[in-house]
Amino acid sequence: MHTNELLNAVLSDLSDLKAVNIIPLDVRQITSITDYMVIASGNSSRHVRAIADNLIHKMKERFIQPFSIEGDTDDEWVLVDLGDIVVHIMQPRTRDYYNLEKLWNTNQQLKASA
């Protein structure tokens, strides 16, 4: 599966379980570890876990095995590493605290250096 097809599948799968504020970031110009970071929120720890489990299940149905699945015990933040795409599923307060959009957003970095 090509990266763009995988990205579309990830975005669709996240929407299926009502993930909110889904933001794909193209990070190819700033890192070699992945092509895209996708950041999404769940409304509760149970919702975050359900979104992550659904994404993992759908990927395995497509014969895509995640490289890594990381998460804390409270399901504040679950990371699913799909190689070309790294998905962060977070509760809103955790997402606000770490502000990954600002960290990985190339537009923000270009504005800061200008």
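In the condition set (1) touching a Leu at 6+ places or on another chain (Cβ under 7 Å); (2) in contact (Cβ under 8 Å) with a residue 24 or more places away in the chain, GLU70 is compliant with all but (2). Taken over segment 40-58, the criterion of being within 18 Å of THR3 (Cα to Cα) and without any contact (Cβ under 8 Å) to a residue 40 or more places away in the chain is satisfied by ILE56 alone. Among residues of segment 96-114 being of a type outside the set (D, E, K, R), in a helix (DSSP H, G or I) and within 18 Å of THR34 (Cα to Cα), the one that is modelled with the highest pLDDT is LEU100.
The values are calculated or read from the model by the stated rules, or taken from the named source; none is laboratory data. Small disclaimer: the values here were computed from a predicted structure and weren't measured. We place every Cβ from the backbone using ideal geometry, glycine too, and count neighbours over all the protein chains shown.
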